[in-house]
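Everything on this sheet refers to the single structure shown next.
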Amino acid sequence: LADALVLAENLGDVDYIVDLATLTGAIIISLGSEVAGMWSSSDELSDMLMNASGSTGEKMWRMPLVEEYKEMLKGSISDLKNIGGREAGSITAALFLQEFVKSTPWAHIDIAGTAYPGKLGKASGYGVRTLYKMVSDLSEKAK
C-alpha cells in the first residue's frame, strides 16, 4: 500500500489520493462493523468523503491524525516501522501511510470492520458507492 501511495502521487496531475484497506483490527474495536474509520490530511477531501458517504449510507467517522503518536513509529534499526504498538493502533497505521504521501490531499479509509459485515464470508464492497458518489460530484462541479 505504501508503494501504491508513492506511485499515485508520482503520477503527476493528481488532485486527490484515497486509499481503502482492511488495515487494522483496531478499527473494529473502535467503530465496530457498521462504521469505517477515515483519516485525512485535507479538510476539503474529508468533507467530500463524509458528504458522499452520507448520501450512500456507507457510514464513516473521521479519526484524528495525532502528530504526537508518530513517535511510536520510530524504528530502532530503520527510520520508520510499520506498527506502533497496541495503543492507538488504527491511528498509528494511518500515520504510517501518511508518511508516503508528501503533498497531495490524501485520505485513508480503514474498512476492516465494514468489508465483511456479519461474518457472512462475503465482501460488502464497502466504499465503492462512496468513491463513485464523490467522483460524480467532482465531475458535476467541473462542468
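The values are calculated or read from the model by the stated rules, or taken from the named source; none is laboratory data. Predicted model, so just to flag it, every value in this text is computed and none were measured. Every residue, glycine among them, receives a Cβ derived from its backbone with ideal geometry; neighbour counts consider all protein chains shown. For the accessible areas, the whole protein counts, side chains as well, though only heavy atoms, and no ligand, DNA or RNA atoms are used. Shrake-Rupley method; radii C 1.70, N 1.55, O 1.52, S 1.80 Å.
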When residues of the stretch 1-35 are limited to those that are touching an Asp or Glu at 6+ places or on another chain (Cβ under 7 Å) and part of a loop (DSSP other than H, G, I, E, B), the one surrounded by the fewest Cβ atoms within 10 Å (Cβ to Cβ): Leu1
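Against the condition within 23 Å of Tyr126 (Cβ to Cβ) and without any contact (Cβ under 8 Å) to a residue 40 or more places away in the chain, how does Gly85 come out, does it pass?
Values: within 23 Å of Tyr126 (Cβ to Cβ): no; without any contact (Cβ under 8 Å) to a residue 40 or more places away in the chain: yes.
No: the conditions fail for Gly85.
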Enumeration of residues in the stretch 14-26 that are out of contact with any strand residue (DSSP E or B) (no Cβ under 9 Å at 6 or more places or on another chain), at pLDDT 90 or above and not hydrophobic (A, V, I, L, M, F, W, C): Asp15
Is the stretch 38-49 home to any residue that is modelled with pLDDT of 90 or more, assigned to a helix (DSSP H, G or I), open to solvent by less than 50 Å² (accessible area, probe 1.4 Å) and touching a helix residue (DSSP H, G or I) at 6+ places or on another chain (Cβ under 8 Å)? yes
Give the stretch 119-131 a look and list any residue that's over 13 Å from the mean Cα position of the chain (by Cα) and either under 19 Å from Asp43 (Cα atoms) or open to solvent by less than 60 Å² (accessible area, probe 1.4 Å) (or both), or say none. Ser124, Gly125
For the stretch 54-107, the count of residues that are closer than 19 Å to Val18 by Cα, buried (at least 19 other Cβ atoms within 10 Å of the Cβ) and aliphatic (A, V, I, L, M) equals 9
